[in-house]
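Q: This is the structure, below, for whatever I ask next.
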Amino acid sequence: MLRVYNTLSRTKEPFESVRPGKVGMYLCGPTVYKPSHIGHMVGPVIFDAVKRYLTYCGYQVTWVVNITDVDDKLIAESNHRGVPMPQLASDMTTDYMNNIAALGVDVIDQFPRCTETMPEIIAFTQALVDKGFAYEAQGDVYFDVARCPDYGKLSHRGAEAMQGEGGGMADRKRSSADFALWKSAKPGEPSWPSPWGPGRPGWHIECSAMSRKLLGETFDIHGGGLDLMFPHHENEVAQSECCHGKPMAKYWMHNGLMQASSEVGKVGGRNTRPTEGDLAAQEVGKISKSKGSAPFRDMLKKFSGETIRFFVLSTHYRRPIDYSEERLREVETGMDTFYRFFKRFERVTGESFYALAAPTTRAATPETVSDDPLLKSVGELRNRFLETMDDDFNTGGGIAVLFDLVRVLNKFVDDEKLEDPARRSPEKLDALRRGATVLRELAATLGLFRKPPQETTAAAGDNLADQLMKLVLELRAEARKKKDFATADHIRNTLTEIGVVLEDRPGGTEWSRK
């Protein structure tokens, strides 16, 4: 039974979709005024895995991620650069799309844009005015928080904690906690006609209007970073539920924030890492545009998209993510365990791991009882993986099971000496193939190991390095043949020091970059 931690109830709840067999999921997307950074990639990767797992469990999932392409920050950045706002928004949206594609995030169904949803936003705002939940003041429209008795139920914070807009807007509001649904345009600013005069929408109403348009008045999952819970999500709940008289989303899922390691205390030290749900502590080290984070496209020059995806999913989504390049290098080393097995599988079976036809739904792989020790272990690990993922999409625990699974498969190859062609039998190869297929099946639910990794520019086509390494390996082989083990060991040790790993096998020695 799949269980999901619901921020609204602060408990794990059995997952039951609003409509049987179908799931509507909404994730707050970026405000496209500057290039994306690593922090923007957390939500898309996490909820991409959530959709994949729900689909694997048999649900038909519609996933919506909005693009905020009109906003105060966008207008300010547009003026600063001397670039029209639509052009800036388009350029930054392209940057965002390219970045999430590099991470394998490719199952988003809809990318609504604020500027393309203006009629729905205006209609939503008008409905709130007509029902007495909002009021107009000198061309602005505000939500009247006092009319919403359960305001604060999501974040457990009351209206007194709300920080409203300052300046002239504060003088127009009935209460400092009231928030803008529509903002009157200043001279020269982008604007749209409305019943209250030319202006643009407030931030919160955009998401309510876009989610209603594409997912309905009540949908299943609303996701976003923990930093969005208040005031953004709280205000979404207030305006949507007051307008419709029914719940906006059944489950609210909030992911932890990406933090720079230098901002976070050592584990076990005086400053312990912030825990899941601890927004104040996580905000200290939060990676953001305002802190001058490097564009994500620059990170992709150093690390593969799959490495970064693996890194994000290695932590339970509700916990903060400790970011550093050193940590990413550690993840790279860990992933090598899988890549080496994939090469080994191909050597032993003559087949590509990536060509294995793995089941794409949970029901397609019924539990089977087998007397084969390998397949019995593989079945137990598969069950453990599913139990882990069923417990609030615990991708970190799921990845730990994948490591256990690849170790079991490697041990089988070692114990049965399958590197030696003479020791291979159809039965043993079939068992290995079936075990590897389960690995591919489970990894796919996380969006991992879907296709062979792309080599870096430095590694691709590096014929000189290949030729030099071929010569070094021949010299080492000759030394071993002459029983000059001191020279052979010296070559291996020196290569290890410079980041080259050697693997001696019956068919010869292979090398790889560490």
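The values are calculated or read from the model by the stated rules, or taken from the named source; none is laboratory data. Predicted, not measured: the structure shown is a model, and the values here were computed from it. Here the Cβ is made from the backbone with ideal geometry for all residues, glycine too, and neighbour counts use every protein chain on show.
Q: Since N99 meets every condition but one in (1) farther than 15 Å from G199 by Cβ; (2) surrounded by fewer than 19 Cβ atoms within 10 Å (Cβ to Cβ), which condition does it not meet?
A: The failed condition is (2).
Q: Next question. Inspect all residues belonging to region 496-510 and state whether any of them is over 38 Å from the mean Cα position of the chain (by Cα) and surrounded by 13 or more Cβ atoms within 10 Å (Cβ to Cβ).
A: no
Q: Right, something else. Does R347 satisfy being modelled with pLDDT of 95 or more and part of a loop (DSSP other than H, G, I, E, B)?
A: no
Q: Follow-up question, since we're still on this one. Looking at D72 and the list (1) within 23 Å of W182 (Cβ to Cβ); (2) crowded, with 18+ Cβ neighbours inside 10 Å; (3) modelled with pLDDT under 95, which single condition is not satisfied?
A: The single condition D72 does not satisfy is (2).
Q: Condition first: under 18 Å from P86 (Cβ atoms) and either in a helix (DSSP H, G or I) or free of Cβ contacts under 8 Å to residues at least 60 places away in the same chain (or both). Now tell me which residues in region 194-209 satisfy that. Working first, answer last.
A: Narrowing region 194-209 to residues under 18 Å from P86 (Cβ atoms): 198-201, 206.
Matches in region 194-209: P198, E206.
Q: Okay, next question. Can you pull out every residue in region 296-341 that is buried (at least 18 other Cβ atoms within 10 Å of the Cβ), in contact with a Pro (Cβ under 8 Å, 6 or more places away or on another chain) and outside the structural domain of W252 (by TED's automatic domain parsing)?
A: Passing the criteria: only P320.
Q: More than 30 Å from H37 (Cα to Cα), among the aliphatic types (A, V, I, L, M) and under 26 Å from the mean Cα position of the chain (by Cα): which single residue out of A436, A431, A400, A422 fits that description?
A: Answer to the check: A436.
Q: Pick out the one residue from V42, V4 that is in contact (Cβ under 8 Å) with a residue 40 or more places away in the chain and either outside the structural domain of H254 (by TED's automatic domain parsing) or within 25 Å of P247 (Cα to Cα) (or both).
A: V4
Q: Is region 237-250 home to any residue that is at pLDDT 95 or above, surrounded by fewer than 17 Cβ atoms within 10 Å (Cβ to Cβ) and charged (D, E, K, R)?
A: The answer is yes, given that some residue of region 237-250 is at pLDDT 95 or above, surrounded by fewer than 17 Cβ atoms within 10 Å (Cβ to Cβ) and charged (D, E, K, R).
Q: Just one of (1) at pLDDT 95 or above; (2) under 19 Å from the mean Cα position of the chain (by Cα); (3) more than 30 Å from P190 (Cβ to Cβ) trips up G225, so point out which.
A: (3)
Q: Right, here's the next one. Among the residues of region 350-369, which ones are of a type in the set (A, V, I, L, M, F, W, C) and not in a loop (DSSP other than H, G, I, E, B)?
A: F353, A355, A363, A364
Q: With the requirement that a residue be loosely packed, with under 14 Cβ neighbours inside 10 Å, within 25 Å of D414 (Cα to Cα) and in contact (Cβ under 8 Å) with a residue 12 or more places away in the chain, what does region 355-368 give you?
A: Listed by number, the list holds a single entry, A357.
Q: With in contact (Cβ under 8 Å) with a residue 24 or more places away in the chain and part of a loop (DSSP other than H, G, I, E, B) as the only criterion, which of T315, T333 stands out?
A: T315
Q: Within region 370-425, can you find the residues that are on the phi > 0 side of the Ramachandran plot and surrounded by 16 or more Cβ atoms within 10 Å (Cβ to Cβ)?
A: D392, F393, listed by residue number.
Q: Output the residue which, of all residues in region 18-28 that are in a loop (DSSP other than H, G, I, E, B) and either of a type in the set (K, R) or in contact with a Gly (Cβ under 8 Å, 6 or more places away or on another chain) (or both), is surrounded by the fewest Cβ atoms within 10 Å (Cβ to Cβ).
A: Top of the filtered list is G21.
Q: Output the helices (runs of 4 or more DSSP H) that fall wholly within region 41-142 and possess 2 or more residues being under 28 Å from the mean Cα position of the chain (by Cα), or say none.
A: 72-81, 85-102
Q: Name the pairs: first residue in region 295-310 and of a type in the set (F, W, Y), second residue buried (at least 20 other Cβ atoms within 10 Å of the Cβ) and part of a loop (DSSP other than H, G, I, E, B), Cβ to Cβ under 6 Å, at least 6 apart or on different chains?
A: F296/S36; F296/H37
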